[in-house]
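Here the structure comes first, spelled out in structure tokens, and everything after it is commentary.
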Amino acid sequence: MSQTYLTTDQLAERIHYDSRTIRTRLKDAVLLEGVHYIRPFGGRKLLFIWEAIQRDIGAASAGRAPVVPMANGAVAHG
């Protein structure tokens with residue numbers, strides 16, 4: 001499977017965050033090296049893996065969504 005590598009600026013455009021926020025607040029807090037980004041050839045440049053970010057982008061908020069019990073015994077998330 002092919003992966004899509006994005007620069008910090010390209011990722012910022014896709015997820016509507018400032019590039020500086022990605023570098024200072026998201027990188028290593030929710031975007032993990034080896035999972036969501038790589039450093040090609042061990043350098044300083046970061047390349048973000050779009051498919052991994054797309055897969056995990058809602059996971060943190062989904063885990064905090066309230067669970068609402070329903071009359072039939074099921075639950076609704078939201």
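Scanning the range 34-61 for residues that are closer than 14 Å to Gln10 by Cα and of a type in the set (Val, Ile, Thr) yields Ile49, Ile53. Just to be sure I understand, how many residues within the range 28-39 are over 17 Å from Glu51 (Cβ atoms) and modelled with pLDDT under 95? Counting residues in the range 28-39 that are over 17 Å from Glu51 (Cβ atoms) and modelled with pLDDT under 95 gives 2.
Against the list (1) at positive phi; (2) in contact (Cβ under 8 Å) with a residue 40 or more places away in the chain, the condition His16 fails is (2).
The values are calculated or read from the model by the stated rules, or taken from the named source; none is laboratory data. Worth saying up front: this structure is predicted, and the values here are computed from it rather than measured. All Cβ positions, even for glycine, are placed from backbone atoms using ideal geometry, and neighbour counts span all protein chains on display.
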